[in-house]
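The values are calculated or read from the model by the stated rules, or taken from the named source; none is laboratory data. Remember, it's a predicted structure, so these values are computed and weren't measured experimentally. Note that each Cβ is placed from the backbone with ideal geometry, even for glycine, and that neighbours are counted across all protein chains shown.
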Amino acid sequence: MSAQIIDGKAIAQQVRVELKARTDALKARGITPGLAVIIVGEDPASKIYVANKIKACAELGLHSEHIVMSADTPEATLLAKIDELNNDPKIHGFLVQLPVPKHIDSNKVLLAIDPDKDVDGFHPVNVGALATGNMRFAPCTPWGCMKLLEKSGVSIEGKHAVVVGRSNIVGKPMALLLLQANATVTICTSKTVDLAKFTRDADILVVATGRAKMITGDMVKPGAAVIDVGMNRDENGKLCGDVDFDAVKEVAGWITPVPGGVGPMTITMLVANTVQSAERTQGSGK
Ligand code: GUN
């Protein structure tokens, strides 16, 4: 039997309708949620991601600022810009697109961002809050994966969730969110010995390794929910995920496609965090 395809575009659209209503309600009270995105350098993938973040803000009626800095920008100049945004009342959330050029210490950058405006959820205070069950801003990609599971009716409580990948942006926060939702969680990496032994036991399998089609049909439990965070090019230059979609869809119960699965959710959740931050400034947000 073929899996149910989780349509990330359609689910993102549903979430955006709710976000537009919340944005309009804030604007009626004189507050326009504001997001700033800083990009340092010319990384082509980063440029596309940042342009899409700004576009999503415009579509939903948020104020946005796109701050472009050259690749040779001194670290001190970037830190001064961060300080300015920390103190700018028009900006409810902001981020520095990663990676930053090598002469800039990304840990220093993350620490400089006011945790109350850290809509990426990468500041150690927010990472700690997530780890201790007091989440303030969930990192956007894993939170988007949780929304996809929730809106597709996949139950999480008591299930075995296996996360393949342990990055700070996806793998680790994903595992924490699943744990918080009462899953039993295993974290694997692309180096795990006999990875298939673990993935085959997963009721929920989230894959974020950056290795094209590494999860094959025989590595998946029949009926499992498979969330593919990967974004790669295959041997023909076609976009593909970390999961061999054609094979795994014949085994899984649910599966996200690439493109059109996790991708559309990530930016939507960034807008969600920004709207939530604006709501907090006037006491209506959690
Ligand atoms: N680079 C890749 N993904 C992200 C993200 O979600 N946030 C930031 N700031 N940089 C990234």
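Looking at G93, G144, which is the one that is of a type in the set (G, A, S), touching a strand residue (DSSP E or B) at 6+ places or on another chain (Cβ under 7 Å) and within 30 Å of I227 (Cα to Cα)? Even if it seems obvious, please write down each step before you answer.
Values: G144 fails: touching a strand residue (DSSP E or B) at 6+ places or on another chain (Cβ under 7 Å).
Within the list G93, G144, the selection yields G93.
Can you find even one residue in the range 4-27 that is part of a loop (DSSP other than H, G, I, E, B), over 30 Å from G253 (Cβ atoms) and either within 16 Å of the ligand (Cβ to nearest atom) or not hydrophobic (A, V, I, L, M, F, W, C) (or both)? No: the range 4-27 contains no residue that is part of a loop (DSSP other than H, G, I, E, B), over 30 Å from G253 (Cβ atoms) and either within 16 Å of the ligand (Cβ to nearest atom) or not hydrophobic (A, V, I, L, M, F, W, C) (or both).
Do you know which residues across the range 48-84 are within 16 Å of the ligand (Cβ to nearest atom), within 28 Å of V17 (Cα to Cα), hydrophobic (A, V, I, L, M, F, W, C) and part of a helix (DSSP H, G or I)? Answer for the range 48-84, where residues must be within 16 Å of the ligand (Cβ to nearest atom), within 28 Å of V17 (Cα to Cα), hydrophobic (A, V, I, L, M, F, W, C) and part of a helix (DSSP H, G or I): I48, V50, A51, I54, A56, C57. Kindly indicate whether P115 is touching a residue at least 40 places away in the same chain (Cβ under 8 Å) and within 16 Å of the ligand (Cβ to nearest atom). Considered against the rule, which asks whether it is touching a residue at least 40 places away in the same chain (Cβ under 8 Å) and within 16 Å of the ligand (Cβ to nearest atom), P115 comes out as no. Within the range 85-102, the set of residues being out of contact with any helix residue (DSSP H, G or I) (no Cβ under 7 Å at 6 or more places or on another chain) and more than 15 Å from the ligand (Cβ to nearest atom) comprises N87, D88, P89, K90, K102.
Suppose the filter is closer than 26 Å to M265 by Cβ, away from the ligand (no atom under 14 Å from the Cβ) and basic (K, R); does K147 pass it?
Details: closer than 26 Å to M265 by Cβ: yes; away from the ligand (no atom under 14 Å from the Cβ): yes; basic (K, R): yes.
In short, yes.
Among (1) among the polar types (S, T, N, Q); (2) modelled with pLDDT under 95; (3) not in a loop (DSSP other than H, G, I, E, B), there is one condition S190 misses while meeting the rest; what is its number? Of the numbered conditions (1) among the polar types (S, T, N, Q); (2) modelled with pLDDT under 95; (3) not in a loop (DSSP other than H, G, I, E, B), the odd one out for S190 is (3).
Among the residues of the range 205-228, is there at least one that is in contact with a Leu (Cβ under 7 Å, 6 or more places away or on another chain) and in a loop (DSSP other than H, G, I, E, B)? Scanning the range 205-228 turns up at least one residue that is in contact with a Leu (Cβ under 7 Å, 6 or more places away or on another chain) and in a loop (DSSP other than H, G, I, E, B). Under the condition of being assigned to a helix (DSSP H, G or I) and surrounded by 24 or more Cβ atoms within 10 Å (Cβ to Cβ), the residues counted in the range 118-140 number 2.
So which of S155, S167 is away from the ligand (no atom under 16 Å from the Cβ), closer than 30 Å to V207 by Cβ, in a loop (DSSP other than H, G, I, E, B) and hydroxyl-bearing (S, T, Y)?
Details: S167 fails: away from the ligand (no atom under 16 Å from the Cβ).
Exactly one residue qualifies, and that residue is S155.
Answer yes if at least one residue in the range 220-228 is touching a strand residue (DSSP E or B) at 6+ places or on another chain (Cβ under 6 Å) and at pLDDT below 95, and no otherwise. No: zero hits. Determine, yes or no, whether V258 is of a type in the set (V, I, T), within 16 Å of the ligand (Cβ to nearest atom), surrounded by 24 or more Cβ atoms within 10 Å (Cβ to Cβ) and outside any helix (DSSP H, G or I). No.
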